[in-house]
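I have placed the structure first, in the form of structure tokens, so that the comments after it can refer back to it.
The values are calculated or read from the model by the stated rules, or taken from the named source; none is laboratory data. Computed from a predicted model, the values in this text were never measured in an experiment. Positions of Cβ are generated from backbone atoms using ideal geometry, with glycine treated the same way; all protein chains shown enter the neighbour counts. The protein model used for the area step is the full one, side chains on, heavy atoms only, and it has no ligands, DNA or RNA in it. Shrake-Rupley method; radii C 1.70, N 1.55, O 1.52, S 1.80 Å.
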Amino acid sequence: AAGVIQSPRHLIKEKRETATLKCYPIPRHDTVYWYQQGPGQDPQFLISFYEKMQSDKGSIPDRFSAQQFSDYHSELNMSSLELGDSALYFCASSYGTSYEQYFGPGTRLTVT
Amino acid sequence: AQKVTQAQTEISVVEKEDVTLDCVYETRDTTYYLFWYKQPPSGELVFLIRRNSFDEQNEISGRYSWNFQKSTSSFNFTITASQVVDSAVYFCALSEAGSGGSNYKLTFGKGTLLTVNP
């Protein structure tokens, strides 16, 4: 069965650079969620999209922005990267009222 | 505000022992969903189970079983006859029914690191 695809899987950036993370949900899933998991931490909700509209927002820094495109894939744009942005970034998708979020493998971002 | 507490930070058992991972949650909603996810050392998050607030039936899936008790706001997870491959971080999570649209964000507990030794 198709799963959530995230790219890239690993990314190394320097401070103050920008990064773009991509997420391709499971086919026919209309909702995408982004989570950030710092080292040894639990995943923290950043932002979600339903039918290409932002549906909810968590503790996402102003330096981050995201959108969902017409084909339902989503991109998380991160600017002015800081050392503290080093984390595992998960994308999850779900379909309507199924409530089960299926997670992608994550993108490991390292900021040096 | 929703909150999930996993009081056990780390648990270490010997293979074939049974182990129970505790999860206590707080929510003001009457409609909510509870989840367990497994995160092995490779890092991915693997969905294990979802339970809605109106379904207090316990569930068994192979060596896994879950005990949901609304009276104590707990959703505990038991692994029977543990195996080395069960070694992972296990997260309990809560989702409240949102105000509209599919905005059922997950609030995770801090996780329990389970180590199963041979």
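Scanning region B:18-40 for residues that are within 11 Å of B:PHE77 (Cα to Cα), open to solvent by 10 Å² or more (accessible area, probe 1.4 Å) and in a loop (DSSP other than H, G, I, E, B) yields a total of 2. None of A:SER59, A:SER80, A:SER65, A:SER48 is of a type in the set (Gly, Ala, Ser), free of Cβ contacts under 8 Å to residues at least 24 places away in the same chain and part of a loop (DSSP other than H, G, I, E, B) except A:SER59.
Looking at region B:46-68 only, could you name the residues that are open to solvent by 70 Å² or more (accessible area, probe 1.4 Å), small (Gly, Ala, Ser) and within 14 Å of the chain's Cα centre (by Cα)? Listed by number, the list is empty, since nothing qualifies. Of the residues making up region A:42-74, those that are more than 8 Å from every other protein chain (Cβ to nearest Cβ) and surrounded by fewer than 16 Cβ atoms within 10 Å (Cβ to Cβ) are A:LYS52, A:GLN54, A:LYS57, A:SER59, A:PRO61, A:ASP62, A:ARG63, A:SER65, A:GLN67, A:PHE69, A:SER70, A:ASP71.
Using the structure shown, decide if B:SER71 is within 14 Å of another protein chain (Cβ to nearest Cβ), out of contact with any strand residue (DSSP E or B) (no Cβ under 7 Å at 6 or more places or on another chain) and either charged (D, E, K, R) or surrounded by fewer than 16 Cβ atoms within 10 Å (Cβ to Cβ) (or both). No; evaluated as a whole, the condition is false for this residue. For the structure I just gave you, tell me whether B:GLY43 is more than 22 Å from B:LYS3 (Cα to Cα), surrounded by 12 or more Cβ atoms within 10 Å (Cβ to Cβ), within 14 Å of chain A (Cβ to nearest Cβ) and modelled with pLDDT under 95. Judged against the criteria, B:GLY43 is a match.
Once region A:75-112 is narrowed to residues that are among the small types (Gly, Ala, Ser) and surrounded by fewer than 21 Cβ atoms within 10 Å (Cβ to Cβ), the residue that is farthest from the other protein chains (Cβ to nearest Cβ) is A:SER80.
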